Amino acid sequence: MRTAEVTRNTLETQISVAINLDGTGVSRFNTGVPFLDHMMDQIARHGVIDIAIDAVGDLHIDAHHTVEDIGITLGQAFAKAIGDKKGVRRYGHAYVPLDEALSRVVLDLSGRPGLEYHVTFTRASIGDFDVDLFHEFFQGFINHAGVTLHIDNLRGNNAHHQAETIFKAFGRALRMAVEPDPRMGGVMPSTKGCL
């Protein structure tokens with residue numbers, strides 16, 4: 001089982017993440033940021049990855065540090081759980097619609113952090129959640145997971161739908177990339193011999 005537990009403690013946040021890449025999509029979140037919990041549940045459910053996150057952050061200021069540090073800690077846990085990446089598919093992609101909204105996510109477990117984020121939300125917040133923080137979450141994740149990630153919201157009029165299609169597609173692309181490829185036979189999916 002490819003599992004990991006990581007704890008990150010700073011003056012702004014205290015975060016614990018447990019992840020099982022070979023799970024069944026079971027999730028538990030206690031972050032103090034309900035809309036982020038809803039989006040994280042999409043990753044777990046559609047990625048078929050078990051994720052548990054406990055977070056205490058300086059929410060009296062705003063959610064920025066908490067959301068960013070959850071991305072960082074999840075990225076650290078992912079990197080630890082995936083290990084040397086031998087025998088995995090490496091690449092993943094997904095298109096996900098939700099009513100009028102459509103998003104595409106493509107990723108590479110390259111070992112090189114890179115984010116192309118092309119999302120124009122139709123409003124600045126969903127409830128009291130600042131949509132700018134989604135970029136911070138994904139930036140934190142890729143920096144510590146060593147993932148190249150392309151996110152494109154292709155259309156959408158409803159910001160909630162836009163966000164949900166992004167996170168569902170991210171979960172499905174992640175699932176594809178981490179799956180063992182039986183034809184690889186445990187070989188590193190790179191001509192360099194490492195990722």
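The values are calculated or read from the model by the stated rules, or taken from the named source; none is laboratory data. All of these numbers come straight from a predicted model, not from anything done at the bench. Reconstructed Cβ throughout: ideal geometry from the backbone, glycine too, with neighbour counts over all protein chains shown.
Within this structure, D62 passes the test of being in contact with a strand residue (DSSP E or B) (Cβ under 8 Å, 6 or more places away or on another chain), under 20 Å from Q139 (Cα atoms) and assigned to a loop (DSSP other than H, G, I, E, B).
When the residues of the stretch 1-45 are filtered to those that are over 25 Å from G83 (Cα atoms) and assigned to a loop (DSSP other than H, G, I, E, B), the one that is farthest from the chain's Cα centre (by Cα) is L11.
The residues listed here are I49, I72; of these, the one that is closer than 20 Å to V6 by Cβ, of a type in the set (V, I, T), modelled with pLDDT of 95 or more and in contact with a Leu (Cβ under 7 Å, 6 or more places away or on another chain) is I49.
Of all the listed residues (V147, V187), the sole one being of a type in the set (A, V, I, L, M) and in contact with a strand residue (DSSP E or B) (Cβ under 8 Å, 6 or more places away or on another chain) is V147.
Any residue at all in the stretch 66-88 that is in contact with a helix residue (DSSP H, G or I) (Cβ under 6 Å, 6 or more places away or on another chain), basic (K, R) and part of a loop (DSSP other than H, G, I, E, B)? No - not one qualifying residue is present in the stretch 66-88.
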